[in-house]
Amino acid sequence: MGSPFQLLKDCAPPVPLSGGDELKLCTDGYVLNFQHAEAQSLETAANAEMTEAPDDASRKERFERLKEVVLQRHDVMREMFSHVSDCYICSIAFGLTPAPKPKPDRKLLTQFLARLTRAAWLSKMKTSAERI
């Protein structure tokens, strides 16, 4: 039987919406999504600077900077998760809540039933007129 826990290395990091999907967010969600994208790009840049450091002293200094940037991104992600859990529009945009299904047009169904009733009534009238 499989374990209900998932290893951290198997988890994909949450990524901000992009490619037009971010336009489906509310105003607050859009701002938080932008801040998340910005923090993620800063983290990527800090990581690249750290790996390209020439000596241990500068590597440690850049590692401290990377830790600060990661903490900033985590703060933005916490705010975003909190907002998405409270905002219906954003939860739909992130795919956490299914979009509402459109209601069928009841007017067409009632019109169909009315026509069917009229056709049945005309048919009865025709058969009764033929009997006379």
Practice task
Could you please give the count of residues in the stretch 47-93 that are touching a Pro at 6+ places or on another chain (Cβ under 9 Å) and of a type in the set (Val, Ile, Thr)?
Solution key: 1
Handout entry: Of all residues making up the stretch 21-47, the number that are hydroxyl-bearing (Ser, Thr, Tyr) and either surrounded by 15 or more Cβ atoms within 10 Å (Cβ to Cβ) or in contact with an Asp or Glu (Cβ under 9 Å, 6 or more places away or on another chain) (or both)
Key = 1
Handout entry: Residues that are outside any helix (DSSP H, G or I) and over 10 Å from ASP28 (Cβ atoms), drawn from the stretch 72-96
Key = PHE94, GLY95, LEU96
Practice task
Evaluate the stretch 115-132: report whether one residue or more is under 29 Å from SER41 (Cβ atoms) and among the hydrophobic types (A, V, I, L, M, F, W, C).
Solution key: no
Handout entry: Those residues of the stretch 97-132 which are surrounded by 11 or more Cβ atoms within 10 Å (Cβ to Cβ) and either in the same structural domain as ALA37 (by TED's automatic domain parsing) or in a loop (DSSP other than H, G, I, E, B) (or both), in sequence order
Key = THR97
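The values are calculated or read from the model by the stated rules, or taken from the named source; none is laboratory data. Values in this document were obtained by computation on a predicted structure and should not be read as measured data. As a convention, Cβ positions derive from the backbone with ideal geometry for all residues, glycine included, and neighbour counts pool all protein chains shown.
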